[in-house]
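Reviewing the structure listed below.
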Amino acid sequence: MLFRSKVTLTSDTPGMTQLFWDTGEGMNEVDSSAQPLKVEPRPVQYGFLLPLGTIKSLRFDPTNRQAVMTFRNARIEDRYGHLVRSFQPDEFIAANQIARHEVRGDTLTMESVPNANDPVLDLKLATPLVLKAGLLLRLRDSLTTFALVLALGLVVGAPPTVRRLQLWCHPLVAGTLVALLGVFWVGRKRQGLV
């Protein structure tokens, strides 16, 4: 995953926050990224991984509980933190179990209905969002991978090469064998065994 959607949130209730994307197959759990939602005194930045490809629409499930939340700084960045697209608070549309949806400056405040279990904010894209790795990014990643493999090869080293010497074919072995057999034969002859 080369891209990440980020948003700064506050919540008065813990739960799960989830971002869905539609690549042409509709919204489904497979095409989503989730994060545990924490109650913190200060706003917390949450990140959701996004796939390469064309995204037709986004759906943000801010929580899976009843909550009052604030959102700001919604954006998509590449893996190096470069801004790909930013979203204004008024681009989020209340779709399900949202009682109050209010924009003040750069902050969106949302309050879910009582006993909510699936509040939904839709994020309609005027044009499909195309997330692709550029030539420089692919080249940089390829060179990084090549350097890592090369370094690993140098650290681990090549397996030792075993060079076997065929002793039976060596003339010194053949000469030694003939000499030993000769000594054996002569020894037996002297003893009268042959």
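The values are calculated or read from the model by the stated rules, or taken from the named source; none is laboratory data. Note that the coordinates shown come from a computational prediction; the quantities given were computed from them, not determined experimentally. Note: ideal-geometry Cβ built from the backbone for every residue, glycine included; neighbour counts use all protein chains shown. Only protein heavy atoms, including side chains, enter the accessible area calculation; ligands, DNA and RNA are left aside. Shrake-Rupley method; radii C 1.70, N 1.55, O 1.52, S 1.80 Å.
Looking across the stretch 31-64 at every residue that is part of a loop (DSSP other than H, G, I, E, B) and of a type in the set (Asp, Glu), the one that is nearest to the chain's Cα centre (by Cα) is identified as Asp31. Listed by first and then second residue, the pairs linking a residue in the stretch 101-113 that is of a type in the set (D, E, K, R) to a residue that is open to solvent by 30 Å² or more (accessible area, probe 1.4 Å), with Cβ atoms under 6 Å apart and 6 or more places separating them unless they lie on different chains, are Asp106/Arg72; Glu111/Val68; Glu111/Ala99; Glu111/Arg100. For the stretch 119-135, state whether one or more residues are open to solvent by less than 60 Å² (accessible area, probe 1.4 Å), under 26 Å from Arg85 (Cβ atoms) and among the charged types (D, E, K, R). Within the stretch 119-135 (the criterion being open to solvent by less than 60 Å² (accessible area, probe 1.4 Å), under 26 Å from Arg85 (Cβ atoms) and among the charged types (D, E, K, R)), the answer is yes, since at least one residue qualifies.
Find the residue count for the stretch 26-44, including only residues that are modelled with pLDDT under 85 and either open to solvent by less than 50 Å² (accessible area, probe 1.4 Å) or under 12 Å from Phe60 (Cα atoms) (or both). Break it down stepwise before answering.
Taking the stretch 26-44 and keeping what is modelled with pLDDT under 85, we get 40-41.
The next check asks that each one be either open to solvent by less than 50 Å² (accessible area, probe 1.4 Å) or under 12 Å from Phe60 (Cα atoms) (or both); those that pass are none.
Looking only at that region, the number is 0.
Taking the criterion of being farther than 17 Å from Glu77 by Cα, touching a residue at least 12 places away in the same chain (Cβ under 8 Å), in a loop (DSSP other than H, G, I, E, B) and within 20 Å of the chain's Cα centre (by Cα), the only residue of the stretch 1-30 that qualifies is Thr23. A count restricted to the stretch 1-21 and to residues that are at pLDDT below 90, open to solvent by 20 Å² or more (accessible area, probe 1.4 Å) and within 20 Å of Phe87 (Cα to Cα) stands at 4.
If you go through the stretch 159-194 and keep only what is in contact with a helix residue (DSSP H, G or I) (Cβ under 8 Å, 6 or more places away or on another chain) and either outside any helix (DSSP H, G or I) or not hydrophobic (A, V, I, L, M, F, W, C) (or both), you end up with just Val194.
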